[in-house]
Amino acid sequence: MMLVCSNGIRFNAEHVCPRPYGTFINLFKSNVKDYLMKILRDVLREIEPTQKEADEIKKLAASLIKLLKEYEKKRKILLAGSVAKGTYLRDSADVDIFIMFKERLPKEEMKREIEELMAKAFPGTVYQMNYAEHPYIRFHISGRRVDMVPAYEMKKTEERLTAVDRSVLHTKYILKNLKKSKREDVLLLKQLLKANGLYGAEIKIQGFSGYLCELLIIKYGSFSKLIKEAAGWKLPLIIDLKKYYKPKDAELLIKKFNSKFVVIDPTDKNRNVAAALSEENFKKFVSLARRFLRKPSKNLFFREESFDEKIKRASKHGKIILIKFKKPDVVDDVLWGQLKKFMRMLEDALADFVIRGIIADANREVRVAVIAKNDVAGGVVEKQGPPIKMKKHVESFRRAHKNDKIIKRGGRLIALVKTPKKKLRDAVLEFIKENYEKFSHLPLKEASAELL
């Protein structure tokens with residue numbers, strides 16, 4: 001067996017070891033395992049909630065629910081989300097309280113009821129009314145963010161009206177099936193994903209949801225086993241914890257969910273928990289798992305790049321143009337929904353410049369960085385024609401390009417077409433001018449574009 005030291009020197013264990021070969025290999029594997037466990041213990045010490053924080057969150061959640069119950073007698077009030085499941089990272093616990101409705105009400109009536117409850121239970125507290133699949137209230141208390149969410153009670157998943165209504169079922173499933181000793185593994189997975197820009201199912205990120213992280217740990221048993229398996233993942237991949245479907249149903253499921261990575265929701269066989277995860281981010285996670293196995297490092301858990309750092313790294317691989325405009329006052333899903341569409345259309349419009357990537361940031365203002373191979377496009381462009389033996393098509397091609405030079409290459413005709421040269425910045429500004437009205441929530445008319 002060939003082993004590699006930390007200094008890069010390779011050696012054969014059979015030749016250098018005075019002990020029996022098998023004993024040496026077992027010792028080597030044991031040392032590697034100990035090293036890996038030390039890294040994971042060190043990471044956990046930094047990301048696991050302290051006992052003080054855990055006690056404070058538990059006390060706060062209990063007091064909020066008790067107060068709400070004083071003013072809401074006819075509905076169940078439940079704690080859900082990562083706080084209820086004990087799978088939240090240090091200093092990132094948000095309290096999700098669900099107000100359960102038995103009757104189906106119009107959204108406006110539901111909104112009115114939770115606003116009345118908010119006014120009674122927390123008079124004078126500033127709050128924000130947000131709109132997802134149900135209207136919900138967000139406010140801050142004792143330094144913590146609290147979401148008060150109305151949802152419909154369900155006995156069966158067939159009754160489901162929205163993803164929000166299913167959240168309580170998710171909490172129940174995780175509490176029943178995720179062992180307390182495995183919550184640490186969920187934290188490790190969340191932190192690794194977060195540090196590498198892969199955590200979050202929102203449109204902005206298109207990554208792994210907290211629920212998906214929990215299901216993966218249930219499936220594979222631990223963080224280490226998941227990473228080992230993920231390093232070998234290939235698409236298509238289907239995970240079905242409750243075995244709702246048979247292996248022969250794979251192609252059907254891929255078509256049904258329009259995805260090559262399908263994780264069947266244990267609480268609803270008609271839902272793909274991984275629906276928000278983009279194929280690009282799936283591949284990034286596989287690559288990350290391989291990198292971690294090759295060289296386990298604590299740094300992989302704490303290396304979140306800033307937007308400026310990403311631009312600096314990207315500048316080594318192409319030309320960069322930076323688009324900037326004021327951040328609109330809309331919820332993130334609306335902002336990023338339009339921003340993603342803008343980025344896709346922009347990439348198509350700038351194809352002649354050979355786009356290598358587009359990244360965005362929307363903290364204080366919106367910044368979109370376009371990474372292109374060239375900052376000038378146009379000039380002489382080759383247009384491929386038909387095979388020479390296809391005489392009728394050849395004649396038609398020659399007529400269409402009678403003003404262009406035509407050459408033969410590889411048994412085909414090639415037309416050398418002259419096109420006007422254009423600069424990347426000019427092309428970006430032209431695209432914005434022609435398309436800004438298509439993005440009602442993005443103030444693109446005021447956007448600037450600068451070649452870095």
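Between the helical axis of 332-349 and the longest alpha-carbon principal axis of the chain there is an angle of about 10 degrees. Cross-link partners for Lys69 among the lysines, with Cα-Cα distance under 20 Å and sequence neighbours closer than 8 places in the same chain left out: Lys58, Lys59, Lys102, Lys111, Lys120. Karplus-derived 3J(HN,Hα) values for the range 165-178, using 6.51 cos²θ - 1.76 cosθ + 1.60 with θ = phi - 60°, are 4, 7, 4, 5, 5, 4, 4, 4, 5, 5, 4, 7, 10, 9 Hz; glycine and proline are entered as x. Given 0.36 nm per residue, what is the gain on full extension from Val354 to Leu252 after removing their alpha carbon distance, in nm? Result: 33.1 nm gained on full extension.
Within straight-line reach of Lys182, meaning a Cα separation under 18 Å, sit the following aspartates and glutamates at least 8 residues removed in sequence or on another chain: Asp42, Glu46, Glu48, Glu214, Glu229. Scaled against the 2.2 N^0.38 Å expected of a compact globular protein of N residues, the Cα radius of gyration of the range 315-452 reads 1.37.
The C-alpha atoms of the chain define a longest principal axis, and helix 107-121 lies at about 50 degrees to it. Our summary gives the chain a relative contact order of 11 percent, counting only alpha carbon pairs under 8 angstrom and 6 or more residues apart. Simple spin-label estimate for Lys283 and Lys180 gives 4.3 nm between the two label positions (7 Å along the Cα-to-Cβ direction from each Cα). Starting from the Cα of Thr50, step 7 Å toward the Cβ, then list every residue of the range 80-116 with an amide N under 20 Å from that point. So the set is 83, 86-95. Within the shell defined by Cβ-Cβ distances under 11 Å, the residues around Gly221 carry a net charge of +3, with Lys and Arg each +1 and Asp and Glu each -1. Measuring spread by the Cα atoms of the range 50-177 yields a radius of gyration and Dmax of 14.4, 42 Å. A crude spin-label estimate for the pair Lys38 and Phe307, with each label 7 Å from Cα along the Cβ direction, gives 4.0 nm.
Here the range 101-139 is scanned for amide nitrogen atoms under 19 Å from the site 7 Å beyond the Cα of Lys73 along Cα-to-Cβ, giving 101-103, 113-114, 116-122.
Available extension along the chain between Glu382 and Arg104 is 93.9 nm, counting 0.36 nm per residue and deducting the alpha carbon span.
If both residues of a DSSP beta bridge must be in the chain, then about 85% of such bridges are antiparallel. Working note: Debye formula, equal point scatterers on the alpha-carbon atoms of the chain, no solvent; log10 I(q)/I(0) at q = 0.08, 0.09 Å⁻¹ is -0.66, -0.81.
Put in order of Cβ neighbour count within 10 Å, fewest first, the listed residues Trp336, Trp233 become Trp233, Trp336. Between the range 170-211 and the range 88-109, what is the separation of their alpha carbon centroids in Å? If we compute the Cα centre of each part, the gap is 19 Å.
Note that the range 44-58 has calculated 3J(HN,Hα) couplings of 4, 4, 9, 10, 6, x, 5, 4, 4, 5, 4, 5, 5, 5, 4 Hz, one per residue in order, obtained from phi through the Karplus relation 6.51 cos²θ - 1.76 cosθ + 1.60 (θ = phi - 60°); glycine and proline are x.
Structure shown: which of Lys295/Lys319; Lys38/Lys180; Lys85/Lys242; Lys194/Lys284; Lys284/Lys373; Lys180/Lys260 lie over 24 Å apart, alpha-carbon to alpha-carbon? Over 24 Å apart, Cα to Cα: Lys295/Lys319; Lys180/Lys260.
Taking the Cβ of each residue in Asp165, Asp361 as the centre, tally the other Cβ atoms inside 10 Å and list the residues starting with the fewest.
In increasing order of surrounding Cβ atoms, one gets Asp361, Asp165.
Taking θ as phi - 60° and the Karplus parameters 6.51, -1.76 and 1.60, the scalar couplings of the range 306-312 work out to 7, 4, 5, 5, 5, 5, 4 Hz in sequence order, x denoting glycine and proline. Computed extension length for Glu365-Val334: 9.6 nm, one decimal, from 0.36 nm per residue of separation with the Cα-Cα distance subtracted. As a length-normalised measure over Cα pairs under 8 Å and 6 or more apart, the relative contact order of the range 50-177 settles at 24 percent.
Values quoted throughout were computed directly from the atomic coordinates according to the rules given, and no laboratory measurement underlies them. Everything numeric here is computed off the predicted structure, so don't read it as measured data. Every residue, glycine as well, gets a Cβ built from its backbone with ideal geometry; the counts of neighbours run over all protein chains shown.
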